[in-house]
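First the structure, in the form of structure tokens, and then the observations on it.
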Amino acid sequence: MKNPRITVTTLRKMKREGEKITMLTAYDAGFARVLDQQGIDIILVGDSLGMVIQGHETTVPVTMDEMVYHTKLVSRVAQHALVLGDLPFMSYTSPEMALRNSTRLMQEGGAHMVKLEGGAPQVNTVAQLAHYGVPVCAHLGLQPQSVHKLGGYRVQGRDDSTAKQILADAIALQNAGADMLVLECVPTTLAQEITQTVTIPVIGIGAGVNCDGQVLVLHDMLGISAHAPKFSRNFMVGGATIPDAIKAYNDAVKQGTFPSAEHWFV
């Protein structure tokens, strides 16, 4: 029997019941089908495709048309997983622009939820999207689209004032209508505090084991990225097949054995 589709309601129930949520990126039908078959809960069509698919140094060059195209490839075959599509750099500079481009990701691309980066400045945008029935995943901590402003890929929230701001942003985004939150490269204690404070699911990447779930870039966890980050793990070690590696990741997150201390920040 086919597993039912993961929805926003499913994810909220999983958080309440303490069941870990698994997310991986995919950018085409072939990998999306494997992720779906191995029980991954959320497939993120990330603007990380700019780096792992297109060969750019950052996610900044990725366009809206490209995001719609790749999301369409994934949503065409995903039968179980919730499909989450990234809004790329400068595609949501106003609530109206965000609404137009979210409409494209959902109508043309088949996404079930959209993701955008940023804290307090995005509260009005999240509220606008929520008002019109668009499920939203917020993204705090390290925000790859702002890498030039940040001066590189750096851990965020290590000082007290920044940590308080990230927590405040998480609460504000939830209150505006965000349905989920990704926390990237923040200290594990801060991620735990945010996860326990908000009622929406929190998905970590380089944020420790105490989040409601985990996400990795597919190419990182398969060991084929040029420079895998500290927070990732190569699940192909030992000669596993790709489906086996994805199942091992899914099992490790569900059982709470990934990430371990070597994969998070203090």
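The values are calculated or read from the model by the stated rules, or taken from the named source; none is laboratory data. It should be emphasised that the depicted structure is a prediction, and the values quoted were computed from it without experimental measurement. Reconstructed Cβ throughout: ideal geometry from the backbone, glycine too, with neighbour counts over all protein chains shown.
Within the stretch 79-97, the set of residues being farther than 17 Å from residue 134 by Cβ and under 16 Å from the mean Cα position of the chain (by Cα) comprises 81, 89.
So which residues in the stretch 244-266 are surrounded by 13 or more Cβ atoms within 10 Å (Cβ to Cβ) and assigned to a helix (DSSP H, G or I)? Listed by number, the residues that qualify are 244, 245, 246, 247, 248, 249, 250, 251, 252, 253, 254, 263. When we screen 100, 76 for residues that are over 18 Å from the mean Cα position of the chain (by Cα) and in contact (Cβ under 8 Å) with a residue 40 or more places away in the chain, the only hit is 76. Within the stretch 114-125, the set of residues being closer than 18 Å to residue 203 by Cα and either touching a Pro at 6+ places or on another chain (Cβ under 6 Å) or of a type in the set (Val, Ile, Thr) (or both) comprises 114 only.
Here's the yes/no breakdown for (1) surrounded by fewer than 24 Cβ atoms within 10 Å (Cβ to Cβ); (2) modelled with pLDDT of 95 or more:
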| residue | (1), (2) |
| --- | --- |
| 138 | no, yes |
| 147 | yes, no |
| 163 | yes, yes |
| 175 | yes, yes |
| 186 | no, yes |
| 204 | no, yes |
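For the stretch 9-27, check the following and say yes or no: at least one residue is in a loop (DSSP other than H, G, I, E, B), under 13 Å from the mean Cα position of the chain (by Cα) and at pLDDT 95 or above. Yes, that holds for at least one residue. Residue 99 meets the conditions (1) surrounded by 22 or more Cβ atoms within 10 Å (Cβ to Cβ); (2) on the phi < 0 side of the Ramachandran plot; (3) at pLDDT 95 or above in every case but one. The failed one is (1).
Does residue 215 count as of a type in the set (Val, Ile, Thr), modelled with pLDDT of 95 or more, part of a strand (DSSP E or B) and crowded, with 21+ Cβ neighbours inside 10 Å? So residue 215 passes the test.
Counting only helices (runs of 4 or more DSSP H) that sit wholly inside the stretch 51-151, those with at least 2 residues that are over 17 Å from residue 169 (Cα atoms), small (Gly, Ala, Ser) and in contact with a helix residue (DSSP H, G or I) (Cβ under 7 Å, 6 or more places away or on another chain) are 95-107. Among the conditions (1) among the basic types (Lys, Arg); (2) within 17 Å of the chain's Cα centre (by Cα); (3) crowded, with 18+ Cβ neighbours inside 10 Å; (4) at pLDDT 95 or above, residue 233 misses just one, which is (4).
Regarding the stretch 169-185, can at least one residue be identified that is touching a Pro at 6+ places or on another chain (Cβ under 7 Å) and among the acidic types (Asp, Glu)? Looking through the stretch 169-185, at least one residue is touching a Pro at 6+ places or on another chain (Cβ under 7 Å) and among the acidic types (Asp, Glu).
Is it true that residue 67 is under 14 Å from residue 114 (Cβ atoms) and either β-branched (Val, Ile, Thr) or crowded, with 24+ Cβ neighbours inside 10 Å (or both)? Yes, satisfied. Taken together, 241, 195, 189 contain a single residue that is touching an Asp or Glu at 6+ places or on another chain (Cβ under 8 Å), over 17 Å from residue 46 (Cα atoms) and of a type in the set (S, T, N, Q), which is 195.
Residues that are part of a strand (DSSP E or B) and in contact with a strand residue (DSSP E or B) (Cβ under 7 Å, 6 or more places away or on another chain): does the stretch 183-194 have at least one? Taking every residue of the stretch 183-194 in turn, at least one turns out to be part of a strand (DSSP E or B) and in contact with a strand residue (DSSP E or B) (Cβ under 7 Å, 6 or more places away or on another chain). Taking residues in the stretch 223-245 that are under 20 Å from residue 34 (Cα atoms), and partners anywhere that are surrounded by 17 or more Cβ atoms within 10 Å (Cβ to Cβ) and of a type in the set (D, E, K, R), the pairs with Cβ atoms closer than 7 Å and at least 6 places apart or on different chains are 232/220.
Assessment of the stretch 166-182 against the conditions (within 21 Å of residue 147 (Cα to Cα), assigned to a loop (DSSP other than H, G, I, E, B) and not polar (S, T, N, Q)) yields no matching residue. Kindly evaluate residue 217 against the criterion of being among the β-branched types (Val, Ile, Thr), closer than 21 Å to residue 18 by Cβ and within 17 Å of the chain's Cα centre (by Cα). Judged against the criteria, residue 217 is not a match.
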